[in-house]
Amino acid sequence: MTADPEHASDGHAASDVRLVASDLDGTLLGPDGAVSRRTAAALAAAEDAGLDVVFVTARPHRWLADLASHVAGHGVAICANGASVVDVAGLRVLEEHGMDARRVAAVAARLRAAWGPDAVHLAAESAAGFASEHGFVSEHEVPAGSPTARRIEDVLTPTTLKLLLRAPGRAQEADAFVAEAQAVVGDLAHVTSSAAGALGEIAAPGVTKAATLAAWAAARGITPAQVWAVGDAPNDLPMLAWAGRAFAVANAHPAVRAAAHETLPSNADDGVAVLLDRAAARARARAAGGQHAR
């Protein structure tokens with residue numbers, strides 16, 4: 001998307017930024033999965049300028065332990081593609097927007113009926129942690145003691161924040177895999193992806209990063225026009241469409257770059273830090289203007 005006058009980086013609408021919403025993996029975090037010194041400094045400067053910065057991520061809350069020191073004064077992150085709001089310091093789930101066990105079972109039944117019972121491998125993220133079917137292979141370390149069973153239905157908690165799907169016999173390119181899964185699941189759930197490979201991330205209908213971020217912002221009197229959002233993957237698209245100004249890092253999925261008003265340097269080159277510095281400068285200018293007006 002090319003910038004238009006309303007969203008121009010030097011325009012009035014863009015200058016009123018009050019909240020920066022950033023994805024983590026592939027966006028704010030470097031290729032090593034860590035917060036660089038440059039980005040850490042930019043996060044601290046943004047907080048000092050009175051700017052809210054919210055991490056909006058596909059990660060479950062248990063993956064945020066190393067990020068607590070970088071969360072602004074509000075202390076929360078939006079996790080599991082919008083299915084939870086988390087107190088990062090205590091790794092506590094404050095809000096759940098998940099699926100009950102009946103809906104998860106219905107989603108699983110549709111997938112198995114369409115693709116074959118032995119072709120579908122599922123796992124679930126909940127406030128209690130991770131659970132999986134025996135055939136589900138995780139790319140990440142599984143917490144010790146995580147329950148496992150032949151069928152995911154046997155290890156569910158009352159609320160599932162995110163259902164994870166692998167099906168080695170299907171398309172292995174992320175966009176095609178998600179499209180196939182969504183066609184099977186229909187209106188039972190929302191399927192997206194935050195990775196390059198064939199891993200489906202399934203949430204309750206209407207649960208997206210955008211929906212939860214919108215509610216969080218509205219509760220604080222922040223309008224979409226006052227939000228800058230940045231991401232790299234298809235699961236970020238609803239958030240980018242909702243925000244007043246949308247940014248992509250240079251390493252983003254082509255659809256994300258096309259949806260953004262502006263492309264930043266890559267996550268390896270601290271693109272989000274560039275954005276935060278710009279937003280913080282605007283926040284300081286707004287505050288100075290308010291003082292002069294008095």
* Yes/no for ASP154 being under 18 Å from ASP23 (Cβ atoms), out of contact with any Pro (no Cβ under 6 Å at 6 or more places or on another chain), of a type outside the set (A, V, I, L, M, F, W, C) and outside any strand (DSSP E or B) -> no
* Structure fact -> When (1) touching a residue at least 40 places away in the same chain (Cβ under 8 Å); (2) in contact with a Phe, Trp or Tyr (Cβ under 9 Å, 6 or more places away or on another chain); (3) hydrophobic (A, V, I, L, M, F, W, C); (4) part of a loop (DSSP other than H, G, I, E, B) are applied to ALA198, the one that fails is (1)
* Looking only at the stretch 73-91, and only at residues there that are modelled with pLDDT under 95 and under 17 Å from the mean Cα position of the chain (by Cα), the one that is most open to solvent (accessible area, probe 1.4 Å) -> LEU91
* Asked: Considering ALA144, ALA149, ALA131, which residue is out of contact with any Asp or Glu (no Cβ under 7 Å at 6 or more places or on another chain) and either modelled with pLDDT of 95 or more or basic (Lys, Arg) (or both)?
  -> ALA131
* Structure fact -> Residues in the stretch 144-160 that are open to solvent by 50 Å² or more (accessible area, probe 1.4 Å) and over 20 Å from LEU94 (Cα atoms) total 7
* Kindly indicate whether ALA124 is free of Cβ contacts under 8 Å to residues at least 40 places away in the same chain, assigned to a strand (DSSP E or B) and open to solvent by less than 60 Å² (accessible area, probe 1.4 Å). => no
* Would you be able to tell me the number of residues in the stretch 17-51 that are of a type in the set (Asp, Glu) and either touching an Asp or Glu at 6+ places or on another chain (Cβ under 9 Å) or crowded, with 22+ Cβ neighbours inside 10 Å (or both)? => 2
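For every residue, the table says whether it meets (1) part of a strand (DSSP E or B); (2) farther than 21 Å from ALA80 by Cβ.
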position: ALA105; (1), (2): no, no
position: VAL137; (1), (2): no, no
position: GLU141; (1), (2): no, no
position: LEU165; (1), (2): yes, no
position: ARG170; (1), (2): no, yes
position: VAL178; (1), (2): no, no
position: ALA183; (1), (2): no, yes
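LEU163: in contact (Cβ under 8 Å) with a residue 24 or more places away in the chain, over 30 Å from ASP277 (Cα atoms) and surrounded by 18 or more Cβ atoms within 10 Å (Cβ to Cβ), yes or no?
Working: in contact (Cβ under 8 Å) with a residue 24 or more places away in the chain: yes; over 30 Å from ASP277 (Cα atoms): yes; surrounded by 18 or more Cβ atoms within 10 Å (Cβ to Cβ): yes.
The answer is yes for LEU163.
The values are calculated or read from the model by the stated rules, or taken from the named source; none is laboratory data. Here the structure is a predicted model, which is why all the values come from computation and not from measurement. A quick note on method: Cβ atoms are made from the backbone with ideal geometry, for glycine too, and the neighbour counts reach across all protein chains shown. What goes into the accessible areas is simple: the full protein's heavy atoms, side chains included, and nothing from ligands, DNA or RNA. Shrake-Rupley method; radii C 1.70, N 1.55, O 1.52, S 1.80 Å.
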